[in-house]
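Student: Structure provided below as structure tokens; questions to follow.
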Amino acid sequence: METRKCQNCKASFAIEPEDFKFYEKMQVPPPTFCPMCRFQRRLMFRNERALYKDKCDLCGEDMISVFSPDKPFKVYCSPCWWSDNWDPLASGQEYDPSRNFFEQMKEVQLKAPFMNLIVGYSTLVNSEYVNHADNLKNCYLVYNSGPDENVQYAEMAVNDKDSADCTIFRDSELCYWAIDGYRLYQVFFSEDCNDSHNLYFSKNLSGCSDCFGCINLRNKKYHIFNEPYSKEEYEKKIKEFRSDSYKAIQEMKDRVYKFWQTIPQKFMHERHNVNVSGDYVYESKNSHYMYQSLSTEDAKFCSFINTPSSKDVYDYTEWGDNAQRIIDVITTGRQADNIKFSSAVWDSCRNVEYSMYNVSCSNNFGCANLRKKQNCILNKQYAKEEYEKLRAKIIQDLEKNPYIDSKGRVFKYGEFLPYDLSPYNYNESTASWYFELPKEKVLESGWRWHDPAPSEYKVTMKPEDMPDSINDVKDDIVNEVFECLDCKGVWRVIKPELELLRRFGLPLPRKCPNCRYKERHSRINPPQLWDRACAKCGKAIQTSYAPARPEIIYCGECYQKGFI
């Protein structure tokens, strides 16, 4: 084992013998940034939720884009970007060995048009306001998801239907405010449940139905706050609860959250694993320090892998779908193989390094916004032998002439792309959700910040003036402009959302979509592990429950004995 000091946060981090073996296998040097700083930097290259109105730089039509209009890049709408109406290689340039390679890559970024959204646009039906998504029908503000139908305000939603305000859920239908759910039907305000239906305000239920305010139950029905009832008694009690009332919903949330804290909880969220560590890890093997990952093998420091399967991957963030030999990459998948230090490369990409927005490419190095190209460096195409020779020279040059940013952080071959090459500002990026920082700290760190333009809409209804019951909401509510209870920004209720809430008998929310996501996000454990002891047997455990949190945390064995 070797201990190093992180270039960014200055904390010490360990490189284990198995890590060195993987780096040798991938033919890259070991990192000089710690795992958390590597994760943060990758997330700075991803913008899921900050959407802007703009015009396509090719056809001039209106479009929704992840790039604010003040960005210096060319941005094309999806039909134009995927068309043959432009030549991606026209932005290419020859490598100048007298200048730093990453400075030259910045120049290519400014010339090569970006796609406005990362979507399979030909698979979207009536789903304009989505990102990092495909195979959607009648969806709105859905991110990192698909396939789905009639889903609104959701993240990491796969194979879901007729649901809203859900995060990390799969194969489910008719759900509202479901977090970390799998195979659910008619589940509301619940977390960490699977194979269940007709649940309200419940946590960690499996194979259950008709439960309210429960936690840690298996194959139960007609329970309220973990107490059994007859079918008749249960139905009578449930009718007494006013699910149509916003006030009643908020009071019940507070009550169940306090109740859940009195019941021991398992040290990690996991299912069907062999030799894993991390949190929200499912159906994986030999995978460590993982976060929100599904069906991985021989993996480490990975996150948001929501599509099977991935093998031999390190520092890999987002996607999956038969990916292998990945190191320090964000957003790659669908038969991606041997991808290094890149952002947004997918659809059978192979042997791609230091590139972004490459689709169906192979043997590319330092390229941006290419489709079906191979043997390219800085978007200029070469014969295979020339490509290999120049690639080797650039790697040598990066050792002698590394990129050094304004804070003295050094980027040689073997590190992910420098912060300065991110096309997004910090508070637009996914990093701001997992590493929340004030503007002053962001600027102090040498990163960029975007000050949003004032809204053009005027508030027509304050939260306190909204009807408490969904039964009192009129059809014309969709014309109102609401003030968010939290951020004081503006938002609206869309017609499909109103129809779904009426179908569920649930009240209108009081927060904008982003603040509702922020609330759900706060209910998900962070991507960080702490050393703790099992509250029952004292065994050492690694858990994403910080020591200062109030929950009672059990190791896997004690939890199994007590609740399964």
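Just so you know, all these numbers are worked out from the coordinates, no wet-lab data involved. The shown structure was predicted, so the numbers you read here are calculated from the model rather than taken from an experiment. Here Cβ is always computed from backbone atoms with ideal geometry, including for glycine, and neighbour counts include all displayed protein chains.
Student: What's the ranking of 475-485, 213-223 by average number of surrounding C-beta atoms within 10 Å, highest first?
Tutor: In decreasing order of mean packing, 475-485, 213-223 become 213-223, 475-485.
Student: Something else: With a point put 7 Å past each Cα toward its Cβ, work out how far Asn226 is from Lys539 in nm, to one decimal.
Tutor: In this crude spin-label approximation the distance works out to 2.0 nm.
Student: A follow-up question, please. What shape does segment 114-237 take by its C-alpha gyration tensor, where a ≥ b ≥ c are the square roots of the eigenvalues and a/c under 1.5 counts as rounded, a/b above b/c as prolate, and the rest as oblate?
Tutor: Verdict is prolate for segment 114-237.
Student: Amide H to amide H under 5 Å from Asn358: which residues, 5+ apart in sequence or cross-chain, H placed 1.01 Å off N in plane?
Tutor: Val345, Trp346, Asn369, Leu370
Student: Quick check on segment 470-522: take the gyration tensor over C-alpha atoms, sort the square-rooted eigenvalues as a ≥ b ≥ c, and tell me if it's rounded (a/c under 1.5), prolate or oblate.
Tutor: Cα axes put segment 470-522 in the oblate bin.
Student: For all pairs of alpha-carbon atoms in segment 347-461, what percent lies in each bin of width 10 Å, listed from the first bin to the last filled one?
Tutor: Here the calculated profile for segment 347-461 is 12, 31, 29, 19, 7, 3, 0.
Student: On C-alpha positions alone, give me the angle between the axis of helix 384-400 and the longest principal axis of the chain, in degrees, nearest 10.
Tutor: It works out to around 80 degrees.
Student: On a C-alpha basis, how far is the centre of segment 529-546 from the centre of segment 235-282 in Å? Whole number, if you could?
Tutor: A separation of 21 Å, based on Cα centres.
Student: Let me ask something additional. Note down the net charge around Ala383, summing +1 for each Lys or Arg and -1 for each Asp or Glu among other residues with Cβ under 14 Å from its Cβ.
Tutor: Its environment carries a net charge of +2.
Student: Check each of the trypsin sites (Lys or Arg not before Pro) in segment 472-548 and keep only those in coil by DSSP with at most 12 other C-beta atoms within 10 angstrom; list them in order.
Tutor: Those that pass, being in a loop and sparsely packed, are Lys474, Lys488.
Student: Which order, highest average first, do 47-56, 447-456 follow once you tally other Cβ atoms within 10 Å for each residue and take the mean per peptide?
Tutor: Ranked by mean Cβ neighbours within 10 Å, highest first: 47-56, 447-456.
Student: R0 = 51 Å: FRET efficiency of Arg503 with Ser98, Cβ-based, nearest 0.05?
Tutor: The formula returns an efficiency of 0.20 here.
Student: Something else: For Ala90, put the label point 7 Å out on the Cα→Cβ axis and report which residues of segment 63-84 keep their amide N under 20 Å from it.
Tutor: Only 72-84 fall inside the zone, counting backbone N under 20 Å.
Student: Could you list Ser432, Ser522 in order of exposure, starting from the residue whose Cβ has the fewest other Cβ atoms within 10 Å?
Tutor: Ascending number of Cβ neighbours within 10 Å: Ser522, Ser432.
Student: Among residues other than Lys71 whose Cβ falls under 12 Å from its Cβ, what is the net charge (Lys/Arg +1, Asp/Glu -1)?
Tutor: -2
Student: What's log10 of I(q)/I(0) for segment 1-115 at q = 0.12, 0.16, 0.20 Å⁻¹, Debye sum over Cα points only, no solvent?
Tutor: -0.70, -0.95, -1.07
Student: All other residues with a Cβ under 14 Å from the Cβ of Gly538 taken together, and with Lys, Arg as +1 and Asp, Glu as -1, what is their net charge?
Tutor: Result for the local shell: +1.
Student: Let me ask something else. Efficiency by 1/(1 + (r/R0)^6): what FRET value for Glu456 and Lys407, r their Cβ-Cβ distance, R0 = 45 Å, to the nearest 0.05?
Tutor: 0.75
Student: If you take every DSSP beta bridge fully contained in the chain, what fraction is antiparallel? Give it as a percent rounded to 5.
Tutor: 20
Student: Among 245-255, 128-138, 100-110, 196-206, what's the highest-first ranking by average C-beta atoms within 10 angstrom per residue?
Tutor: Packing order, densest peptide first, comes out as 196-206, 128-138, 100-110, 245-255.
Student: With each run of n ≥ 4 DSSP H residues scored as -39500 (n - 2.57), what mean residue ellipticity at 222 nm is computed for the chain after dividing by its residue count and rounding to the nearest 500 deg cm²/dmol?
Tutor: Mean residue ellipticity, 222 nm, calculated: -6000 deg cm²/dmol.
Student: Rank these for me by crowding, Ile524, Ile564, Ile118, going from fewest to most other beta carbons within 10 Å.
Tutor: Ordered from fewest to most neighbouring Cβ atoms within 10 Å, Ile524, Ile564, Ile118 come out as Ile564, Ile524, Ile118.
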